[in-house]
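Quick note: the coordinates plus some simple rules give every number you see, no bench work behind them. This is a predicted model, so every value here is computed, not measured. Virtual Cβ from ideal backbone geometry, glycine too; neighbours counted across all protein chains shown.
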Amino acid sequence: MAKSKTEKKDKGNFWGGEPVATLPKATKTKREPRKLEWGWLILGVVLIAVIVLAVVFNAKVEDKSAEKIMKTVAVDNSDLKVNWERYKTVEVELTESLTISESGTYRLTGNLRDGNIVVDAGVGEVRLILDNVSIANSAGPAIVCYNAENLVIELVGESNLTDGATYASDYDEDVDGVIYSKADLAFTGEGSLNVTANHADAIVGKDDVVIRDGIYSIAAVDDGIRGKDSVYVTDGDFTIAVKGDAIKSTNDTDYGKGFVMLEDGGFIVTTEAGKGLSAAKTILVYGGELELNTYDDAIHSNNYVGIVDGDVVINAGDDGVHADNELIVDGGDVDVVKAYEGMEAQVVTINGGKISIFSTDDGINAGGGADNSNSQSAQGRKDIFKTDENCVLSVNGGDLYINAAGDGVDSNGYIYFNGGSTVVDGPTNNGNGALDSGLGISIQGGTVIAVGSSGMAETLGTNSGICNISVFFSTTQEAGTLVEVRSSNGEVTLSHMAAKKFSHLAAGSEALLPGETYTIYLNNVEYESFTISEVTTVIGNSSVNQFNMPGQSGQK
């Protein structure tokens, strides 16, 4: 609260002393207002402290949810703003190629062989209602839009579109889809659409592609759905089998573009040589059911990936989820059945959700820069082991299970466990660890249980906020071993049945209390008792490296 003018003058009372009297100049032989000067000094120190605390607090409360990623995309809903009632509906039964040059709604029926629909309407608005249409063009696309403000395709019944393996020479070189549009392209309606691409891609939009409903069966010798500026799906059912990427956006220059966003829908995706979801800038999964079976990464962005909700099942030849910059998981159910690396980004933040990962290399990896995939040469991956303080992996909530042949939870920089439950069945070889950090690990909350080999084993950090243990077993324990930590009254504090052989256990929980005595049991047989005497209690013969972790406010 602001002080009155009277209060501001009464500096002596403010600092706990008597008011300072004003002396005549002739008798002022020494500096009396010492209390006033000390008061201002203290006030300055307090203000500096407040500013520093504000900066630290702002660093702590920096938005680490997927909502911050949402702010990087510019969704185009212009198709919803068109008043189609002002246009008449033209009924057309297809017998030959059709060119549309005026705005309006065109209801198409019938079968068309060796022909197509051409939209060249300037800045007009065109809606095509495909009512049980069949178009097969052996020399080009089935539908091509050269000019329009918006092209909307509404699905009624079941329609089939096919192109030829070779396009005629009068088509521009960039015309490479069964449905090809240089205008904003939107799909609506509850009908179904079967698209077979023999030349290249199935659906291509050079601007934004929006799909609001419908049932789609897509086969292509290259990409399935490609929107240069964006692909935005609000609903629909998709079966996509392609040789290239299934759903893709490529604009890497324009602000707010180059994204793929899924709000709902069902997706069954198979790629022979490409990725599942691919974007130049951003991928956002807000919901839906996704089954991604991919040769390359299942979900890949050159910048951001955000998963808010949905059921995602991944079987990937390379990474399950990869972002060059930042990956944030707020919720949903993500099941990585198979991948080289389960999740990878420079900054990985897990705020919630249920995540299960089986990987042939690292489970979750906070590494720097572009994809360090198994497809790269050893020379191309030579720098991935360098420490980098910009690489941060934070688990703030959720339920995580990781089964990794490489490092379970890995960061070239820092690892923070702030909440949730993390369980790791780590590597059996001594060249990797269940937990592996370049600059250190800190557990401030939640529960962590990590078993694996002991050669590269790390603790959960001596500067952590809660107690943790590092157990080096005298002999290697077999797969299927039930390891438990019980309190002095026999209550089970921590428990895990190992999926693989292990010789080390790193575990931390708020249930581990200083000064208390606990006992480790292996398959219900007492192994060893210990007392928590410090933040990290080491049991067994250890050569573990210790790291000096910064405080929580030191997160990048």
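The alpha carbon gyration tensor of region 207-290 gives principal lengths a ≥ b ≥ c with a/c of 1.5 or higher and a/b no greater than b/c, which makes the shape oblate.
Summing Lys and Arg as +1 and Asp and Glu as -1 over all other residues whose Cβ lies under 14 Å from the Cβ of THR519 gives a net charge of -4.
Taking each residue as 0.36 nm, the span from ASP399 to GLU526 lengthens on full extension beyond its C-alpha to C-alpha distance by 42.9 nm. Using every pair of separate Cα atoms, the Kirkwood estimate puts the hydrodynamic radius of region 462-531 at 12.5 angstrom. Phi-derived couplings, Karplus 6.51 cos²θ - 1.76 cosθ + 1.60 at θ = phi - 60°, listed residue by residue for region 212-222: 9, 5, x, 10, 10, 10, 10, 10, 8, 7, 9 Hz, with x used for Gly and Pro.
Between MET497 and GLU289, full extension at 0.36 nm per residue minus the direct alpha carbon distance yields a gain of 71.9 nm.
Placing pseudo-labels 7 Å out from each Cα toward the beta carbon at ASP254 and VAL90 gives an inter-label distance of 2.7 nm. Rounded to the nearest angstrom and listed largest first, the equivalent-ellipsoid semi-axes of region 380-479 from its Cα gyration tensor are 19, 19, 13. Over all Cα atoms in region 420-475, the spread is summed up by Rg and Dmax: 11.2, 30 Å. Dividing the Cα convex hull volume of region 72-173 by residue count, how many Å³ per residue is that? Here the figure is 133 Å³ per residue.
Sorted ascending by nearby beta carbons within 10 Å, beginning with the fewest, MET456, MET70 become MET70, MET456. Spacing of the modelled spin labels on ASN541 and TYR146, each 7 Å from Cα toward Cβ, amounts to 8.0 nm.
Note on GLU272 and SER474: their simple-model spin labels are 5.9 nm apart, each label 7 Å out from Cα toward Cβ. Report the Rg/Rh value for region 253-293, based on alpha-carbon coordinates and the Kirkwood definition of Rh. We get a ratio of 1.01 for region 253-293.
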